[in-house]
1. Output the residue which, of all residues in the range 45-60 that are within 19 Å of the chain's Cα centre (by Cα) and part of a helix (DSSP H, G or I), is surrounded by the most Cβ atoms within 10 Å (Cβ to Cβ).
2. Please enumerate the residues belonging to the range 114-147 that are surrounded by fewer than 19 Cβ atoms within 10 Å (Cβ to Cβ) and within 15 Å of Leu73 (Cα to Cα).
3. Going by what's in this entry, would Ile97 be described as more than 15 Å from Tyr11 (Cβ to Cβ), out of contact with any Asp or Glu (no Cβ under 8 Å at 6 or more places or on another chain) and aliphatic (A, V, I, L, M)?
4. Which of the residues that make up the range 114-144 are part of a strand (DSSP E or B) and among the basic types (Lys, Arg)?
5. Name the single residue that is surrounded by the most Cβ atoms within 10 Å (Cβ to Cβ) among those in the range 95-113 being in contact with a helix residue (DSSP H, G or I) (Cβ under 7 Å, 6 or more places away or on another chain) and not in a helix (DSSP H, G or I).
6. Among Asp50, Asp87, which is touching a His at 6+ places or on another chain (Cβ under 9 Å) and under 29 Å from Ala139 (Cα atoms)?
7. Go through the range 33-44 and give me each residue that's farther than 15 Å from Lys18 by Cα and crowded, with 17+ Cβ neighbours inside 10 Å.
8. What residue, among those in the range 61-80 that are farther than 12 Å from Leu113 by Cβ and small (Gly, Ala, Ser), is surrounded by the most Cβ atoms within 10 Å (Cβ to Cβ)?
Amino acid sequence: MKKIKSKSKNYQIDQSGKIEQTNKITVIAYSNGKHGSVKIAARDKKYLQDIYRKAGKPKSFIIQVFSALLYLLLEKSKLEKTMLVVDKEYPGHEAIIKSYLVQIANKRGKIKLSPGEIRFGLVGKSSNCHGVASKAFKANRADFSVNKEEILSLILLYEK
């Protein structure tokens, strides 16, 4: 992976347990010397997926929930002024994920995030970030737990 030069710190972000796997938790973690993670329960993902189906937007479910989880990881971990290297979990959707993240940050106003601070790349299995996400997933423990209400409150910001 090409090194990104920046005055800010680079953080790698990885996911363990896909959003669309609604029978398992999802953990999203970051790492760069320090590390942290957020998780969402399978039952909350099922609830959200049902809302998207009823709204006639089943394809938006994965990308919007993933984007909201990424944002909550940043907000709860207080990661600001960073360069984020997000693993390519959903190839071809990077631009919309970046757009959602920036929209939420601008509308919520709790953290500052610009499109230039978000990159996508491959986070390998040997990465510390992958280890943090995998360990949290297997133990069903993360630094922060988020619920369907938190996700819904962020998703509503996309629509405004």
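Every read-out reported here was derived from the displayed coordinates using simple, explicitly stated rules and does not represent laboratory data. None of the values given here were measured: they were computed from a predicted structure. Please note: Cβ atoms are built from the backbone with ideal geometry, for glycine as well, and neighbour counts cover all protein chains shown.
1. The selected residue is Lys45.
2. Arg141, Asp143, Phe144, Ser145, Asn147
3. Against the criterion (more than 15 Å from Tyr11 (Cβ to Cβ), out of contact with any Asp or Glu (no Cβ under 8 Å at 6 or more places or on another chain) and aliphatic (A, V, I, L, M)), Ile97 qualifies.
4. Arg119
5. Step by step, filter the range 95-113, then rank; the result is Leu113.
6. The conditions single out Asp87.
7. Across the range 33-44, the qualifying residues are His35, Gly36.
8. Ranking the candidates gives Ala68 first.
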